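What follows is calculated from the coordinates using simple rules that are stated; it is not laboratory data. Predicted model only: the values in this text are computed from it and were never measured. Cβ sites come from the backbone with ideal geometry, for glycine too, and all protein chains shown count toward neighbours.
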Amino acid sequence: MKAEKKEVNAIVLDVLMKGHMDDPRPQFKREPVVQAIGVEQFKLLELIPKPNVVINLHDKVYIGDSERDKIERVKRRISYDELTPTAKGELPFMVEQIVKEREPDFVTFFNRAISITPEAPHAPSSSRASGRN
């Protein structure tokens, strides 16, 4: 089985400094959470920021294997349904920004891509097939 490629950078979609509101633990035991989208593969991620670090919406944060400035660890991958309303609202804008920044990559991909569906043989037009002109 092929190993899954890790994201190296992510764009912040939302910052929950007091953790998730639906977390049953007392507020003082909750850890801050950052919701983000990966720049390479568009993975939705939940990140744990380092203590006393300021992280804002739209910040690009490093989440690779080397020393990280703002992020302590990647907590987990999340689904779209797990995003906060703020993160859901920011997502389309951040996807657009990533695509614009990486436009040459996407142009190359689509120029080299083969057709997903094979071309069907050309059928006679309906007017000729029915005998009407």
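Some notes on this structure:
- ³J(HN,Hα) computed for each position of region 92-108 - Karplus, 6.51 cos²θ - 1.76 cosθ + 1.60, integer Hz, glycine/proline x: x, 5, 6, 4, 4, 4, 4, 5, 5, 5, 10, 3, x, 5, 6, 4, 4
- Whichever aspartates and glutamates have a C-alpha closer than 19 Å to that of Lys50, once near sequence neighbours (fewer than 8 apart) are set aside: Glu7, Asp14, Glu31, Asp59, Asp65, Glu67, Asp69, Glu72
- Value at 222 nm in deg cm²/dmol, rounded to 500, when DSSP H runs of n ≥ 4 in the chain each add -39,500 (n - 2.57): -7000 deg cm²/dmol
- Close amide H partners of Ile78, meaning residues 5 or more places away or on another chain with modelled amide H under 5 Å apart, are Leu44, Leu45, Glu46.
- The amide H of Gly19, built 1.01 Å from its N in the peptide plane, has Val33 as neighbours under 5 Å, considering only residues 5 or more places off or on other chains.
- Taking label positions 7 Å along the Cα-Cβ direction at both Arg77 and Asp65, the computed distance is 1.8 nm, reported to one decimal.
- Residue by residue, region 17-33 carries 3J(HN,Hα) couplings of 5, 10, x, 6, 5, 8, 5, x, 5, x, 4, 5, 9, 6, 9, x, 9 Hz when phi is fed to the Karplus relation 6.51 cos²θ - 1.76 cosθ + 1.60 (θ = phi - 60°); x denotes Gly or Pro.
- All lysines inside 26 Å of Lys100 as judged from Cα atoms, apart from same-chain residues fewer than 8 positions distant: Lys5, Lys6, Lys43, Lys60, Lys70, Lys88
- Calculated log₁₀ intensity ratio I(q)/I(0) where the Debye formula runs over C-alpha points of the chain, q = 0.18 Å⁻¹: -1.03
- Highest-MSF residue in the chain out of Ser66, Ser115, Ser79 [GNM, Cα springs under 10 Å]: Ser115
- Pairwise label distance in nanometres, Leu57 with His20, each label 7 Å out on the Cα-Cβ vector: 2.1
- Here the 3J(HN,Hα) profile of region 59-66, calculated from phi with Karplus coefficients 6.51, -1.76 and 1.60 at θ = phi - 60°, is 5, 9, 10, 7, 10, x, 7, 6 Hz, Gly and Pro shown as x.
- A straight chain from Val107 to Glu4 at 0.36 nm per residue would run longer than the Cα-Cα distance by 34.7 nm.
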